[in-house]
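Worksheet: one structure, shown below.
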Amino acid sequence: MEKRFVYADNAATTAVSEEVLNAMLPYLTTEYGNASSIYKLGRDAQKAVETAREKAAKAIGAEPREIFFTSGGSESNNWAIKGAAELMAEKGKKHIVTSVFEHHSVLHTCEYLSDRGFEVTYVPVNDKGLIDPEGVKKAIREDTALVAVMYANNEIGTIQPIDEIAALCRERGVFFHTDAVQAVGHVDIDVHRQGIDMLSLSGHKIHAQKGIGALYIRRGIVLPNFIHGGGQERGKRAGTENVPAIVGLGAALEAAARNIAEKAAVTASKRDRIIDGLLKIPHTRLNGDRERRLAGNINISFEGIDGEALLLMLDLNGICVSSGSACTSGSNDPSHVLMSIGLSSEAAHSALRLSIEEDITDEDISYILEVITKSAEKLRSKSPAWERMMKNDKTNRQ
Ligand SMILES: *Cc1c(COP(=O)(O)O)cnc(C)c1O
């Protein structure tokens, strides 16, 4: 088996595409004007920023004036949630509804607010990794300021019933925010049609560079300014615009919104081949609903195996994957997402996430399946706990 390099961690980050890089290059070289300067070099930069804003708006069905550029998904989530909380607190609404398995940039923002007099209700998810809109409905109170539910989960890829949740928020007059960082470019999004009030997205998950993102804020919602200073981003988010990154994000969103259904169909069939191949390994389970999941997400637990050890063996073979999410790797806590769908701490520690895109080749897939199957066997053969488990298994069956 010849060693290959296979990147299967696109949910952690993606490579900057050639299309994005080419769009950015002029603004990293000759077109270096400050978008606030009034001579031509500056005006051209300003124009490029506004063109990118139009592209971003179009990709999610918003108006350009509803798009605010930020430094990424984490900042967008912070701004939306803190902003809505501050705005509604003035009206005596100090309750927030979110889910137990949000990204940490949502959960930790909610914790911050709960230390400052806000109340937070964490809606549970079922064992398939799906949120029941009824659960959200029950959690909404008279004093609820905001519901924040992610569009698609970053670890298990499950796609949430966003339309239903948005509709019931609107009915109750509660703001609805969604962290769509994993969904943008993978599912069709139309914020106006879907009744979404605020939406976070990030560039580096869709082939733009790291450190750029956007927050969509529905027209009519006036969130407090997030960064105070100059008049950039209509005074809401001060600081000289990162013109090359913004241009890159515009190009990335334009590309991401092209042929979503076709790309997803190709990716999903490759994903299914990997899932089926990995589930042939004994004592494995798929985490998250099989149907309602992102086309590129694979999350599998390997009983009796330490996911981190398996990840490192794959790394030696040139395969990049994730155990749990990148944000929690390096810490020893089991993934809060996997725990939330009912996995034991051991099962959570035994999980591997692969996130692929449509360009993964059949050879890559065969290689992945072969390396993981062999590595799993090797790790299990060296594990006394696994031997014991297998022995018990046999006696139980006799
Ligand atoms: C990656 C990610 C974020 C954070 O985005 P950054 O741009 O890295 O700050 C937030 N939410 C989800 C679901 C993510 O996957």
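List of remarks:
- Count of residues meeting criterion [surrounded by fewer than 22 Cβ atoms within 10 Å (Cβ to Cβ) and among the β-branched types (Val, Ile, Thr)] in region 341-374: 4
- In summary, residue 171 fulfils each of the numbered conditions (1) touching a residue at least 12 places away in the same chain (Cβ under 8 Å); (2) more than 12 Å from the ligand (Cβ to nearest atom); (3) over 22 Å from residue 110 (Cβ atoms) with the single exception of condition (1).
- Sole residue being closer than 30 Å to residue 82 by Cα and among the charged types (D, E, K, R), chosen from 237, 273, 285: 237
- Filter result (among the small types (Gly, Ala, Ser) and loosely packed, with under 13 Cβ neighbours inside 10 Å) within region 241-264: 261
- In the set 115, 127, 143, only one residue is within 22 Å of the chain's Cα centre (by Cα) and acidic (Asp, Glu); that residue is 127.
- Options 283, 204; residue that is within 16 Å of the ligand (Cβ to nearest atom) and under 30 Å from residue 347 (Cα atoms): 204
- Residue 100 in contact with a Pro (Cβ under 6 Å, 6 or more places away or on another chain) and either at pLDDT 95 or above or among the hydroxyl-bearing types (Ser, Thr, Tyr) (or both): yes
- Some residue of region 223-240 being part of a loop (DSSP other than H, G, I, E, B), surrounded by 15 or more Cβ atoms within 10 Å (Cβ to Cβ), within 15 Å of the ligand (Cβ to nearest atom) and in the same structural domain as residue 51 (by the TED database): yes
- Filtered residues of region 70-99 (kept if in a helix (DSSP H, G or I), more than 16 Å from the ligand (Cβ to nearest atom) and either among the acidic types (Asp, Glu) or free of Cβ contacts under 8 Å to residues at least 60 places away in the same chain (or both)): 86, 89
The values are calculated or read from the model by the stated rules, or taken from the named source; none is laboratory data. Treat the numbers as computed from the prediction; the structure is a model and nothing was measured. So basically every Cβ, Gly included, is an ideal-geometry build from the backbone, and we count neighbours across all protein chains shown.
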